[in-house]
1. Conditions: (1) under 30 Å from residue 270 (Cα atoms); (2) of a type outside the set (Ser, Thr, Tyr); (3) over 20 Å from the mean Cα position of the chain (by Cα). Residue 210 meets all but one. Number of the miss?
2. Cβ-Cβ below 7 Å, separation at least six or inter-chain, first residue in the stretch 497-526 and free of Cβ contacts under 8 Å to residues at least 24 places away in the same chain, second loosely packed, with under 14 Cβ neighbours inside 10 Å: which pairs?
3. Restricting the stretch 501-528 to residues that are among the small types (Gly, Ala, Ser) and in a helix (DSSP H, G or I), which is surrounded by the most Cβ atoms within 10 Å (Cβ to Cβ)?
4. Residues of the stretch 134-171 being more than 20 Å from residue 121 (Cα to Cα) and crowded, with 17+ Cβ neighbours inside 10 Å, which ones?
5. Based on this model, can you work out whether residue 534 counts as touching a helix residue (DSSP H, G or I) at 6+ places or on another chain (Cβ under 7 Å) and either surrounded by 19 or more Cβ atoms within 10 Å (Cβ to Cβ) or not aliphatic (A, V, I, L, M) (or both)?
6. Can you confirm whether the stretch 455-475 contains a residue that is among the β-branched types (Val, Ile, Thr), over 57 Å from the mean Cα position of the chain (by Cα), at pLDDT 85 or above and not in a helix (DSSP H, G or I)?
7. Condition first: farther than 22 Å from residue 479 by Cα and either at pLDDT below 90 or surrounded by 19 or more Cβ atoms within 10 Å (Cβ to Cβ) (or both). Now tell me which residues in the stretch 541-550 satisfy that.
Amino acid sequence: MKQFIYIIMFMCVISCSDKPNNRNHFCAIAKLLYKDQATASNYLDTINISSFHKDEQPYCELLKIQALDLTDNDIKPYERKIDFVINYMQNKKDKAFLKLAYYYAGRIKQDKRKALESINYFKIAISNDNPYGVNSRCYAQMAEVYCEQYLYDYAKDMYNNAYYEAKKDNDRIGMAKILKEKALVYLDEKKSKTALMYLDKALKIAQDINDSNCINSIKSYYAITYVEMKDWENAQKVLPSFMRTISQADTSAYYYIAANIYRHTNKAKAKYFYKYLKDNGDIYAKEDAYSFLTEEALADKDDNKVADFFERYKQQIDSIRRNTNSEMMAKINGLYDYQKQKERIARISKEKNEFKLLFASTTVFLLLVTTFAFLLISRLRRRAQEEKRQVFMLKKLQDEMRQNSLKKIKENNKRIDELELQLINATNEKDELKKRLADEKEKLLAQNAINKLKIEEENRALGSIKNTDIGIMIQKKKRSETKEYLTKEERKQMEDTFDQFMPSFKEKLWSVYDISNRELNVCMLIKLGCKPADMACLLGCTPSAISKIRIRLYKKFFNKPGSAEDWDRFILSL
């Protein structure tokens with residue numbers, strides 16, 4: 001309120017002044033407008049530009065555009081006025097307000113979907129080295145332009161620059177807003193957790209400075225993020241915190257968020273918000289409202305309302321389609337291929353460098369020609385003694401060059417001899433490598449032959465065991481319909497037979513772990529090809545006990561869990 005009173009008093013004083021010199025007051029107003037949206041709104045209600053001196057009217061026009069932008073009003077119609085302000089500030093060489101004018105020229109071009117022109121204006125504003133915290137806003141708006149064209153990496157870089165500038169200016173409100181907008185970039189990239197992280201940082205800054213408008217705005221972004229994540233519970237929790245104090249300008253947006261959340265949690269509350277939105281929301285909110293109300297009417301079997309709401313729903317769909325088409329055409333017309341622009345700049349820079357190089361080369365060449373001509377004239381004017389000295393020096397130089405040439409030839413011949421020697425050595429090494437590889441091949445073939453003999457020997461041994469009395473008896477009992485166990489003597493006979501024909505079998509097992517007789521018998525029966533059910537019958541236990549023994553043995557031997565089939569494969573490989 002104090003700020004508003006200050007602005008009113010100031011306007012009255014300077015509007016009555018015949019010799020205006022109120023630039024510092026305009027600077028103060030520009031800062032107040034940026035810090036407080038309510039101040040900006042009040043400024044719009046009180047300003048009368050025609051009452052000011054003609055030299056002050058450009059400042060008032062610029063401040064009016066600033067206030068309109070800060071209160072979310074349309075500034076596109078002010079394109080010609082901002083051009084007038086820029087020309088005035090250029091002629092007056094007021095760099096501070098010229099920087100601000102360039103910023104709002106960029107904002108107007110941005111709203112008119114002229115991406116290239118807006119980016120250029122923002123860059124000009126940044127290059128103008130003056131205070132008033134405009135740099136952070138320029139970078140933030142450039143980030144929005146990039147984001148609208150889905151250049152998210154460029155957008156994040158610009159937000160980083162904006163945050164750095166805001167921090168340098170100690171603009172904590174700006175820092176919070178930048179972090180909040182950066183969170184939306186990550187939300188567009190479907191990185192909801194990263195978006196929440198940036199919102200947490202923004203909320204902490206807003207709470208530290210106790211800015212209620214900024215806090216409410218950030219919490220509404222929390223709700224948007226939770227809606228995107230379909231986390232309706234958290235979205236509903238955060239909803240009351242920013243719904244308590246809503247400005248008239250934000251009512252439609254906040255009600256739309258609330259309706260979308262309550263649509264999934266509380267139909268009655270959703271209906272309340274959608275009834276408001278169908279009359280007061282934008283076309284997107286109305287489309288969603290009529291969609292919901294149509295569904296509710298269908299559920300209530302109210303045919304009249306269904307027909308009415310559905311007809312209005314189709315009208316909103318048509319409006320959205322027309323609006324989307326116009327927006328897409330505007331975006332297509334305003335799209336700017338930044339990669340091609342980079343290539344064009346690089347090409348121009350290359351051409352410029354080539355021209356500089358050509359100019360430098362020409363200059364050096366002309367300088368050399370001039371120097372040579374001067375030396376030639378000087379040489380002609382010298383006496384005969386000087387000419388003889390020149391001839392002597394030339395002859396000496398020729399001798400040195402000849403000696404250097406002979407030395408270089410000698411060095412080259414020496415290098416040729418070294419290369420020929422290396423070539424001979426490489427040939428010898430190649431022959432040795434072939435011989436070594438042939439020896440390795442013979443060894444591997446011999447080893448394969450030995451392994452084949454071992455496999456054949458093992459198969460013969462296993463066949464011999466199966467053809468022994470005990471082997472035949474095991475096969476017989478296995479096929480018997482009556483359960484016949486192996487007696488203690490028969491199990492002993494089986495072990496002796498294995499010791500006779502496959503002595504290494506038991507030794508290999510015992511070398512790793514001291515297994516019991518029952519476990520040894522299970523291993524021998526596996527080797528003989530018995531199934532788990534047959535082993536259970538021969539050893540007088542259940543199939544599950546046989547499986548447990550095999551699993552236990554695998555864990556004992558390999559120190560890790562394994563299946564019974566893993567143990568069977570290991571035994572069959574011995």
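1. (1)
2. 506/499
3. Step one: filter the stretch 501-528 for residues among the small types (Gly, Ala, Ser), giving 504, 511, 516.
Now narrow it down to the ones that are in a helix (DSSP H, G or I): 504, 511.
Values: 504: 13, 511: 9.
Ranking the qualifying residues of the stretch 501-528, first place goes to 504.
4. Answer for the stretch 134-171, where residues must be more than 20 Å from residue 121 (Cα to Cα) and crowded, with 17+ Cβ neighbours inside 10 Å: just 171.
5. Spelling it out, residue 534 is indeed touching a helix residue (DSSP H, G or I) at 6+ places or on another chain (Cβ under 7 Å) and either surrounded by 19 or more Cβ atoms within 10 Å (Cβ to Cβ) or not aliphatic (A, V, I, L, M) (or both).
6. Yes: the stretch 455-475 contains one or more residues that are among the β-branched types (Val, Ile, Thr), over 57 Å from the mean Cα position of the chain (by Cα), at pLDDT 85 or above and not in a helix (DSSP H, G or I).
7. Narrowing the stretch 541-550 to residues farther than 22 Å from residue 479 by Cα: 548-550.
Passing the criteria: 549, 550.
Each row is one residue, and each column tells you yes or no for (1) touching a Pro at 6+ places or on another chain (Cβ under 8 Å); (2) at pLDDT below 90; (3) not charged (D, E, K, R).
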site	(1), (2), (3)
494	no, yes, yes
504	no, yes, yes
510	no, yes, yes
527	no, yes, no
534	no, yes, no
539	no, yes, yes
552	no, no, no
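The values are calculated or read from the model by the stated rules, or taken from the named source; none is laboratory data. Just so you know, these numbers come straight off a predicted model, no measurement behind them. Reconstructed Cβ throughout: ideal geometry from the backbone, glycine too, with neighbour counts over all protein chains shown.
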